[in-house]
Amino acid sequence: MELTVGTRSLPPFEVIEVGGEIDVYTAPRLREAVVAAIDEGHRRLIVDIEKVDFLDSTGLGVLVGALKRVRADDGSLDIVCTHERLLKIFQITGLDKVFGLHSSVEAARAAHG
């Protein structure tokens, strides 16, 4: 399956919208988008995975790496996800306590006041 990655600005956030499957083959594209956003000076990221059908450990690694990078500069990375199957992955790995998981981009923005 293809991976689609798009970005849009909702100051002070940069929203990265992802669709398809995030796996060992497609994760580098997600990593490139995240690194590009950080290199452009964005430190408050929202990764919207509402259109993601599959997420493996490589994809989780990209998200954790991105979180470490933005937190080093006092930034944040929140995830928009309502799919039970994907939420279960975050719960099993304990990452639901690391990432802010939200039902919408608006909810993620609101969580930061």
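Got a sec to turn the phi values of the range 58-73 into Karplus ³J(HN,Hα) couplings, 6.51 cos²θ - 1.76 cosθ + 1.60 with θ = phi - 60°, whole Hz, x for Gly and Pro?
Result, rounded to whole Hz: 5, x, 4, x, 5, 5, 5, x, 5, 4, 4, 5, 6, 5, 4, 10.
For the range 24-88, run through the GluC sites (Glu not before Pro) and keep only the ones in DSSP coil with at most 15 other Cβ atoms within 10 Å of their Cβ.
GLU40
Please list, in chain and number order, the residues 5+ apart from GLU17 or on another chain whose amide H is under 5 Å from its amide H, with Hs placed from the backbone.
Those qualifying (amide H under 5 Å, at least 5 residues apart or on another chain) are GLY6, THR7, ARG8, ASP48.
When the Cα centres of the range 1-19 and the range 55-78 are compared, how far apart do they sit, in Å?
14 Å
Can you give the Rg to Rh ratio of the chain, both from alpha-carbon atoms, with Rh computed by the Kirkwood formula? Working shown, then result.
Working: Rg = 12.6 Å, Rh = 13.7 Å.
Rounded to two decimals, Rg/Rh equals 0.92.
Whole-Hz ³J(HN,Hα) for each residue in the range 37-53, computed from phi via Karplus 6.51 cos²θ - 1.76 cosθ + 1.60 with θ = phi - 60°, x for glycine and proline: what do you get?
4, 5, 5, 7, x, 7, 10, 10, 10, 10, 9, 9, 10, 4, 9, 8, 9
Per DSSP H run of n ≥ 4, the term is -39500 (n - 2.57); total these for the chain, divide by its residue number, and report the mean residue ellipticity at 222 nm rounded to 500 deg cm²/dmol.
-12000 deg cm²/dmol
In whole Hz, what ³J(HN,Hα) sequence does the range 89-102 give by Karplus (6.51, -1.76, 1.60; θ = phi - 60°), x for Gly and Pro?
Per-residue couplings from phi come out as 4, 5, 5, 4, 7, x, 6, 5, 8, 9, 9, x, 9, 10 Hz.
Bear in mind these aren't lab numbers, they're just calculated from the coordinates by the rules spelled out. Bear in mind that the values here come from a model prediction, so they are computed numbers and not experimental data. Every residue, glycine as well, gets a Cβ built from its backbone with ideal geometry; the counts of neighbours run over all protein chains shown.
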